[in-house]
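Read-outs throughout are calculated quantities, based only on the coordinates presented, and are distinct from any laboratory measurement. Small disclaimer: the values here were computed from a predicted structure and weren't measured. We place every Cβ from the backbone using ideal geometry, glycine too, and count neighbours over all the protein chains shown.
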Amino acid sequence: MTHPSFMNKRMKEYCCSASKKIFHDLEIPESGMTDEKAQELRKKYGKNYVGRAKGEWKERNIRNLICRAFLNPFSVTLLIIAIFSGIMEIGIKGPDGKNGSAAIIIGCMVLISGSIRMIQEIRSQRAADRLEGVFHSIVHVWRNGKICMRPAEELVVGDYVWLEAGDRIPADMRILKADHLYVSEAAVTGESESVKKTVIPSREQEKERDRADLNENLVFLGTTVVNGSGEGIVLAVGKDTVYGNFTGKDTTIYGSFDRGANSIVKVLIRFAIVLVPIVFLVSGIAQKDWMGALLFALSVAVGLIPEMLPMVVTVCLAKGTASMSKKQTIVRHMNAMQGFGAMDILCADKTGTLTREEITLEYYMDIIGNESEEVLQYAFLNSVYLTGMKNPIDCAILKCQQMPGREEYFRRLQESCRKLDEIPFDYVRKCTSVLVRENNSKLQLVLKGDVEEVLSRCGFIEYQGEVLPMNTSQIKDSVNAVVGELLEDGMKVVAVARKEMEQDEIFSSEMENKMILMGYLAFFDAPKKTAASAIARLNDLKVKTKILTGDHSQVAISICKRVGIDASRLLTGRQLDEMGREKLNQAVEDIDVFAELSPNQKVKILRALKENGHTVGFLGDGMNDVPALCEADVGISVDTAVDAAKDAADVVLLKKDLNVLESGILEGRKTFANMLKYIRITASSNFGNIFSIVCASAFFPFLQMTSIQILLLNLLYDMICIVLPWDYVDREDYSQPKTWSGRNLTKFMCVFGPISSIFDIITFVLLYFVFCPIMCGGMMFEQISDPSVNEYFIALFQTGWFLQSMWTQVLVIHMLRTDKVPFLQSRASIPVLVVTVMGVVCFTVLTMLPAAKYLGLTAMPFWYFGYLSVIVIIYMLLTTFVKQLYSKSRYYRECN
């Protein structure tokens, strides 16, 4: 139901007003809207755009991007540290104490990280805007004294618009003319039944204008015309529409991406909460400088949490989105990339997915299976006079006109039977009916639809021109035998019935009773040649395919058997409604084929699968699929789908083929695998550094690395990690779905972080007791009385560890990017190899530059790099050995 609070006041005010009053109040000229008047009204009432409109980059969108790039938790933490650092270095210690380099570097870190992320998001969103051009609809509108075609985005309040079956409603409107107009409001209400729209409001609507369920002459943006035609005037556009209110409010639904990202953040925060107070207390006691200890502890917090994580994730998602667009897959929402890769169950409709979208009329027969021309005639009249969207069944029936020598016959049949009224298809009745006048005399109600639903409305049968009551079990058994045989052969069967009406009877669905069953139509819905192989490949990727269809159960079983889907157990919509929650949750695990479903029953199945912990995708293209597309973790549609389905989807395939979907899944998994590389490697190496500091702070008379050096190390390392989205991914890493796992990250950090700490502590000891004394004239730190030599000793120590940390952090990327033996069984991509090697060289040279003294760094003797090479090689070998043990562990297998 459309909530009245979401409805624009003009909709409430004019729902019961005469059309002349509406045009008068809106100051619309009698000759109609002009482009000049439209521009004036656009300035007054706003643009007809709910999402990102062109030109908004210079306005609100740029401001939002800046906020996301620079005011995220990581950047805010860095800014706080910069402020503390500036106050301490300049304010407390005085202008001669230090030069404020820490604050400057931290500011640069925020600027670089935020700028890269903002630029990447701008590029991604502009690319998305170009892709979304596929979804922009064209409407027929009265402008400058004539009917013309304009993009829906150009509509303004007061425009007069024409609507036809299949059109998506382009704005919130008041209907002024209607011809059997039925609208699906699933996009705003979630209800699958079509709603009839009229011109004249009911008395109840006039009395209670706020009653949303009485808005019989109002239509809303995003809904779709499923039958008939109409004309109306636009009363609300863009953000003022009901749909715009939904999207404008904070209605974020956390998907698998958000849930996983939150689990990662919680792990990092827990580590920070434990380690930061320890560092603060140990440093404060050891150094007797509590303000310095506070700044250092905050730096440790930033050093533990990858501050460029949002930017690296954005780059990964954007790169994956661009790659998928080259594989006939458009990702409309970047976060869906992770869900696409993590998807372990794909739910899909049968038609167009397993079978060809076009079906063929094979047989038209009477009740015992003999060919019947009369059954075809009545079926043709029902299909040709339906003003709604032609479904594949209607299209197949109407193709009979193209049979040799039959075109004139069907033309005369249509001329002899004039349509008077109709009731369109809906998912409760599962049938359509048309009222026609035969040869300007008899009125015939012609009913066509689901066999069981039509039979339930029949009281008679017709055989060889004789009408007989359908009151014996023998007749019903005969009917079921004919239909059952066709269904077992995989045929789609539709029943046809008729009824002669009296002249004064009021036409409504209540008249669909005591019908005369004429016979059946049988259609062949052939499986696609590629369906079986595509299903097999999805199974190899550990994606289980489940079929959710509205077709008869026998048809679904026949088709699924042909393409390799287990149809030994099947659940119908009627059986589903009789199940409790726990029983349904178990059934969706054991059953792969669901038939005779309504749209809301599809949603129930998806919800049960999600409650069981699955990441669920849904592939659909019709109006009846919109609720399921919204419910799924990843909604997937096709470019030939109805507009509402494409709007609800996260991913749009340019070809309705499971092989295209397979390519998208692989690309999504590769993207996610590279994101996990950054998170796991960075978090574990950062944790190792911080753990080393915690262990060493109590035993050394100075900090092993200053806060600015920690932040600089993180910045340089993260800049190198930007290349990870372009890395190769091992087949084992994308052969099955993976999700974010805070539990797995905790274990990974606790295993590989301390390994680096072992070598850090060895280096601490050697630097303090061997290397630094050698470079300072053979004196230990405690023996040095010259302050300048003392500072040189500290600078040597900190530079020595800075270089080791940087070398090990960068080169360990090659060790931990794969579960295999690096360089031999799995090699990094050329960009990763070049950037990591160049990064080590450039950042090593940085310590030798004159500017390094401002960072507390100094040049190291060349013999130190010999030691550094040896200890880094040993570290890499040990890490590889531990990785092999970790990969074989039971815990690792459970988490992966």
Quiz item: Efficiency by 1/(1 + (r/R0)^6): what FRET value for ASN659 and ILE285, r their Cβ-Cβ distance, R0 = 60 Å, to the nearest 0.05?
Solution: 0.40
Practice problem: Filter the cross-link list LYS266/LYS583; LYS44/LYS239; LYS197/LYS448; LYS583/LYS888; LYS9/LYS177 down to pairs whose alpha-carbon distance in this structure exceeds 25 Å. | Solution: LYS266/LYS583; LYS583/LYS888
Quiz prompt | Taking region 806-877 and dividing mean pair separation by its residue count, relative contact order in percent (alpha carbons under 8 Å, at least six apart) | solution = 37
Practice problem: Determine, from the Cβ-Cβ distance of GLU415 and LYS239 and an R0 of 60 Å, the FRET efficiency 1/(1 + (r/R0)^6), rounded to the nearest 0.05. | Solution: 0.75
Practice problem: Pairs of Cα atoms under 8 Å, at least six residues apart: use those to get the relative contact order of region 633-741, whole percent. | Solution: 27
Quiz prompt | Virtual spin-label span in nm between GLN884 and SER788, 7 Å along Cα→Cβ | solution = 5.3
Quiz item: If the chain between TYR854 and GLU578 were fully stretched, how many nm would it gain, using 0.36 nm times the residue separation less the Cα-Cα distance?
Solution: 91.9 nm
Exercise. Starting from the amide H of ALA165, placed 1.01 Å from N in the peptide plane, find each other amide H under 5 Å away whose residue is 5 or more places distant or on another chain.
Key: GLY228
Quiz item: Could you give the distance between the Cα centres of region 841-889 and region 675-717, to the whole Å?
Solution: 13
Quiz item: Okay, which of region 760-802 sit inside 16 Å, backbone N to the point 7 Å along the Cα-Cβ direction of TRP863?
Solution: 766-779
Exercise. Once you have the Cα-Cα distance between ILE873 and GLU358, take 0.36 nm times their residue separation minus that, and quote the gain in nm to one decimal.
Key: 179.1 nm
Quiz item: Which three extents, in whole angstrom, do the alpha-carbon atoms of region 313-437 cover along their principal axes, largest first?
Solution: 66, 29, 28
Quiz item: Roughly speaking, what is the centre-to-centre gap between region 589-624 and region 461-496 when only Cα atoms are used, to the nearest Å?
Solution: 32
Practice problem: Note down the nm distance, to one decimal, between modelled labels 7 Å out along Cα→Cβ at ALA481 and at HIS140. | Solution: 5.2
Exercise. Treating cross-link reach as a plain straight distance, find the lysines whose alpha-carbon is under 18 Å from the alpha-carbon of LYS883, omitting any fewer than eight places away in the same chain.
Key: LYS677, LYS747, LYS820
Exercise. In Å³ and rounded to a whole number, note down the convex hull volume per residue for the Cα atoms of region 705-826.
Key: 140
Quiz item: Put a dot 7 Å past each Cα toward the Cβ at VAL770 and SER441; how far apart are the dots in nm?
Solution: 11.5
Quiz prompt | Per principal axis, descending, Cα span of region 684-771 in whole Å | solution = 50, 26, 21
Quiz prompt | Flagged links, alpha-carbon separation over 22 Å, of LYS319/LYS670; LYS602/LYS670; LYS196/LYS419; LYS12/LYS37; LYS544/LYS602 | solution = LYS602/LYS670; LYS12/LYS37
Practice problem: Compute the convex hull volume of the Cα atoms of region 448-520, divide it by the residue count, and report the result per residue in Å³ as a whole number. | Solution: 92
Self-check item: GLU371/GLU453 FRET efficiency (R0 22 Å; Cβ-Cβ; nearest 0.05)
Solution: 0.35
